[in-house]
Amino acid sequence: MIELKPNRDRRIRNFHPWIFKDDIAHVLGDFPAGSLLEVRDANGAFVGQAFYNAKASIPARVISLERGKIGVDFYRKLIRAAFEKRRHLQHSNAMRILNGEADGIPGLIVDVFDQVLCVQIRNAGLELHREIILEALKKETLAGCAYERSDTSERNKEGLQPQVGILWGDVPETVRFIEDEIQFEFKPFEAQKTGFYLDQRDNRRRLAALVNSSSRVLDCYSYTGGFSLYAAKAGAQCLAVDKDAIALQALERSAAKNGLDKQISVRLGDALEVLDQLVNEKKKFTHAVIDPPTLAKRKEEVMAAKRIFTIALKNTLRMLESSGIVLVSTCAYHIKTDDLLEACRMAGSDAGRKLEVLDVTYQPADHPWVLQIPESLYLKTLILRAE
Ligand SMILES: C[S@@+](CC[C@H](N)C(=O)[O-])C[C@H]1O[C@@H](n2cnc3c(N)ncnc32)[C@H](O)[C@@H]1O
């Protein structure tokens, strides 16, 4: 049993599932990592049930605010609720179907790509429930095959080893899916994260709506070129830049499959170095995307991350035509919208360009975020016009 300090139950009863070390008065007993324990407030009243891992930086995560068995039926109910939430979404045959805390199962990420499921298990509690979770997923999704990409840094913090492999069925060597009539592909065990950045779908659509056949797009930190493929389909010429050779090869294959190969070229390398080269080559673009990796996994890394945004945007602005548009994204929870605005303001100043904010966007609806769980909001994007 976990007993909380006085008043520490309020945030938890208000749907924030994380219990920090400082919230805990006592844990009665010694429990293996991931044990499911009852949580009580300082008066001994029931608060919920939580997975406990004394070694983890977040030692307990609430899985239910009710009593009752946490078994296959419990997980099936949550999976059905997650489907119900997404019923109205007109996407493609790929989407995130479980988004961890925001869908009520802390640490469980599940994406579906056509008939192929990708599962990520991030903590010790879910690890102990692995078999029943997989059974629930199989029954509710009816997916023919599934692979696991539990190779995230969150697992290290739980004292868990990475787990990557086939979970069931015949997982194809290349996973293929369609988003807005564009064919995409990746190799499930070579790709980054779960395979594809589904969370940029709405921004890709926004970019596509802004370009035409006279547009030239710089897609910086392109990965497999989601932005480039959307923009090229809308008529633009695109240059994709990334340091991941495998991702750029996948982009080239997708470009060819979609008949867009004449409109997309790639440059392999460090984005900041390639930006310098492009400035020296006096390249010009009408639109740009800057979508770097997390950059700040801890609060202390935010300053350094802001500097990278400023340098990347400053050089991009040097190549952007008058009234050019740039999308700047961060997927780091610790980098707030204000941080991004400030980094962009400094870049505008350095490049001598006035920046108008056309829009500020957040992650799409299949990656829900819950108001009471601030950590569930990670993706923020500024859409700027440079005068
Ligand atoms: C958030 S992902 C980009 C997702 C992509 N825009 C999409 O829509 O699929 C970040 C990308 O940055 C790349 N990357 C990380 N560090 C880099 C660097 N120093 N230079 C170039 N690319 C880098 C990673 O390989 C990864 O593909």
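The values are calculated or read from the model by the stated rules, or taken from the named source; none is laboratory data. Everything numeric here is computed off the predicted structure, so don't read it as measured data. Using ideal geometry, Cβ is built from the backbone for each residue, glycine included, and neighbour counts are taken over all protein chains shown.
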Looking at the stretch 265-314, which of its residues are acidic (Asp, Glu) and within 25 Å of the chain's Cα centre (by Cα)? Asp270, Asp291, Glu300, Glu301
Out of everything in the stretch 300-317 that is touching a residue at least 12 places away in the same chain (Cβ under 8 Å) and of a type in the set (Gly, Ala, Ser), what residue ends up being farthest from the ligand (Cβ to nearest atom)? Ala305
Out of all the residues in the stretch 40-54, is one or more part of a loop (DSSP other than H, G, I, E, B), out of contact with any His (no Cβ under 8 Å at 6 or more places or on another chain), crowded, with 18+ Cβ neighbours inside 10 Å and among the acidic types (Asp, Glu)? yes
Just checking, which of Lys297, Lys283 is assigned by TED's automatic domain parsing to the domain that holds Trp369, in a loop (DSSP other than H, G, I, E, B), away from the ligand (no atom under 16 Å from the Cβ) and surrounded by fewer than 18 Cβ atoms within 10 Å (Cβ to Cβ)? Lys283
Just one of (1) on the phi > 0 side of the Ramachandran plot; (2) free of Cβ contacts under 8 Å to residues at least 40 places away in the same chain trips up Gly159, so point out which. (2)
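For (1) buried (at least 22 other Cβ atoms within 10 Å of the Cβ); (2) modelled with pLDDT of 95 or more; (3) under 25 Å from Pro374 (Cα atoms), each residue gets a yes or a no:
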| position | (1), (2), (3) |
| --- | --- |
| Ile311 | no, yes, no |
| Lys314 | no, yes, no |
| Glu321 | no, yes, no |
| Val328 | yes, yes, yes |
| Ile335 | yes, yes, yes |
| Asp338 | no, yes, yes |
| Glu342 | no, yes, yes |
| Met346 | no, yes, no |
Checked against (1) in a helix (DSSP H, G or I); (2) in contact with an Asp or Glu (Cβ under 9 Å, 6 or more places away or on another chain); (3) buried (at least 18 other Cβ atoms within 10 Å of the Cβ), Glu375 satisfies every condition except (3)
Kindly provide the set of residues from the stretch 291-328 that are of a type in the set (S, T, N, Q), under 19 Å from Gly269 (Cα atoms) and touching a strand residue (DSSP E or B) at 6+ places or on another chain (Cβ under 9 Å), ordered by number. Thr294, Thr316
